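Engineer: Pasting a structure here, questions to come.
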């Protein structure tokens, strides 16, 4: 009896994938999937899983993408998915479909997070809600480009001062930088925006006469607020630090000295501020004004604080122009540097993060030391010249020729 061999036909279309299933029993794989045509199969304890390997030509490396259980796919759909992903990779497009998010949605979430970590949250909220969302709100986060930022800048420049536009731009830049870290966008369009010109640094130093006018006016309006002003002048503390300062923050050292301990500040570092005799006198007056159960040293609400400052500005506007509460901190640092206080010691009191911050914000003052060094150098050179002149004159009188 003769047997007829069955002729070999063309292998089934997806036999290569099916051969993997035949070669590896279920739940037998423990390390890596087996790949054919950039489609991988992994027969592990949790069932049969599939993977797709995409070559990222722009980065020169492959990327393995899990695609779930094999039962969710057929071979035709898997090959179509592989081709789609490889096409996106070749065009340097995102591999996965991402849900679009508008600037309004993202900025609103950004503010919620900022509320828990920013001490100037109200300022951020005002900028985002009043300036950024009305312009960028309806745009998808990934669609905001350099031109959009430039057009927004041009519009704002016609409404406010350049410094204000710069501050708002920094807020927009901060939001978009966070989106980059969260891998929602790849580049920050603010980086390529036009440079804002015309920003002038505000250098405002009160004279002694101006300071006395402000203090006398504050005394007439609210003696407690006058002490608040004096505290800022003597301590160089920021407004928020003063309003949040508690009696429990007072520390008495073994040698009898008193210090204010600030657990946190703008730089997010704790620091201790020595209480000089003037500050101790203010504390004594405040203790007599307040009830024993009052926790805050200056229990002044933010709105009340602003009303007091506005009242003072209005009362002195004919005699003292352009004053801000923060100028008191500047005055303290000004006088400290002029008095010869070492900048390294000073930053421990003021709460600046580094000497570079002093140099950046008080460069006019720091240059005082440079000016003094230049003067000493000039005086020394002048003395040498004077000595040379005298010496030359004596040699001429003696008919000595100097070559």
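The values are calculated or read from the model by the stated rules, or taken from the named source; none is laboratory data. Everything numeric here is computed off the predicted structure, so don't read it as measured data. Here Cβ is always computed from backbone atoms with ideal geometry, including for glycine, and neighbour counts include all displayed protein chains.
Engineer: Has region 160-167 got any residue that is closer than 19 Å to residue 106 by Cα and crowded, with 16+ Cβ neighbours inside 10 Å?
Structural biologist: no
Engineer: If I ask for residues that are exposed (fewer than 12 other Cβ atoms within 10 Å of the Cβ) and more than 35 Å from the chain's Cα centre (by Cα), which ones from region 290-307 would you list?
Structural biologist: 291, 292, 293
Engineer: Scan region 122-142 for residues that are in contact with a helix residue (DSSP H, G or I) (Cβ under 9 Å, 6 or more places away or on another chain) and closer than 25 Å to residue 99 by Cβ and report the count. If you could, list the steps in order and put the result at the bottom.
Structural biologist: Kept after step one, since they are in contact with a helix residue (DSSP H, G or I) (Cβ under 9 Å, 6 or more places away or on another chain), are these residues of region 122-142: 122-125, 127-129, 131-133, 135-142.
Right, trim to closer than 25 Å to residue 99 by Cβ and you get 128-129, 132-133, 135-142.
Total meeting the criteria: 12.
Engineer: Another question, if that's okay. Does residue 54 fit the bill of being under 30 Å from residue 189 (Cα atoms), crowded, with 18+ Cβ neighbours inside 10 Å and outside the structural domain of residue 176 (by TED's automatic domain parsing)?
Structural biologist: Yes; evaluated as a whole, the condition is true for this residue.
Engineer: Given (1) modelled with pLDDT under 85; (2) surrounded by 12 or more Cβ atoms within 10 Å (Cβ to Cβ), identify the lone condition not met by residue 198.
Structural biologist: With respect to (1) modelled with pLDDT under 85; (2) surrounded by 12 or more Cβ atoms within 10 Å (Cβ to Cβ), residue 198 is out only on (2).
Engineer: Condition first: within 23 Å of residue 114 (Cβ to Cβ) and touching a strand residue (DSSP E or B) at 6+ places or on another chain (Cβ under 7 Å). Can you find one or more residues in region 253-268 that meet it?
Structural biologist: For region 253-268, residues within 23 Å of residue 114 (Cβ to Cβ) and touching a strand residue (DSSP E or B) at 6+ places or on another chain (Cβ under 7 Å): present.
Engineer: Identify, from the list 78, 70, 63, the residue that is surrounded by fewer than 14 Cβ atoms within 10 Å (Cβ to Cβ), in contact with a strand residue (DSSP E or B) (Cβ under 8 Å, 6 or more places away or on another chain), in contact (Cβ under 8 Å) with a residue 24 or more places away in the chain and over 30 Å from residue 139 (Cα atoms).
Structural biologist: Step by step, each of 78, 70, 63 is checked, and only 63 is surrounded by fewer than 14 Cβ atoms within 10 Å (Cβ to Cβ), in contact with a strand residue (DSSP E or B) (Cβ under 8 Å, 6 or more places away or on another chain), in contact (Cβ under 8 Å) with a residue 24 or more places away in the chain and over 30 Å from residue 139 (Cα atoms).
Engineer: What number of residues in region 93-118 are more than 30 Å from residue 81 (Cβ to Cβ) and exposed (fewer than 15 other Cβ atoms within 10 Å of the Cβ)?
Structural biologist: Of region 93-118, the ones more than 30 Å from residue 81 (Cβ to Cβ) are 103-104, 107-118.
Still in the running and exposed (fewer than 15 other Cβ atoms within 10 Å of the Cβ): 108-109, 112-113, 115-118.
Qualifying residue count for the region: 8.
Engineer: Suppose we filter 88, 117 for residues that are modelled with pLDDT under 90, assigned to a helix (DSSP H, G or I) and under 30 Å from residue 144 (Cβ atoms); which single one remains? So that I can check it myself, show each step before the final result.
Structural biologist: On the way: 117 fails: assigned to a helix (DSSP H, G or I).
The conditions single out 88.
Engineer: I would also like to ask the following. Against the definition (surrounded by 14 or more Cβ atoms within 10 Å (Cβ to Cβ), more than 30 Å from residue 333 (Cα to Cα) and under 15 Å from the mean Cα position of the chain (by Cα)), how does residue 175 come out, yes or no?
Structural biologist: yes
Engineer: For residue 130, only one of the following conditions fails: (1) over 30 Å from residue 95 (Cα atoms); (2) over 19 Å from the mean Cα position of the chain (by Cα); (3) at pLDDT below 90. What is its number?
Structural biologist: Against the list (1) over 30 Å from residue 95 (Cα atoms); (2) over 19 Å from the mean Cα position of the chain (by Cα); (3) at pLDDT below 90, residue 130 comes up short only on (3).
Engineer: Go through region 132-160 and give me each residue that's part of a helix (DSSP H, G or I), touching a residue at least 40 places away in the same chain (Cβ under 8 Å) and closer than 19 Å to residue 182 by Cβ.
Structural biologist: 132, 141, 142
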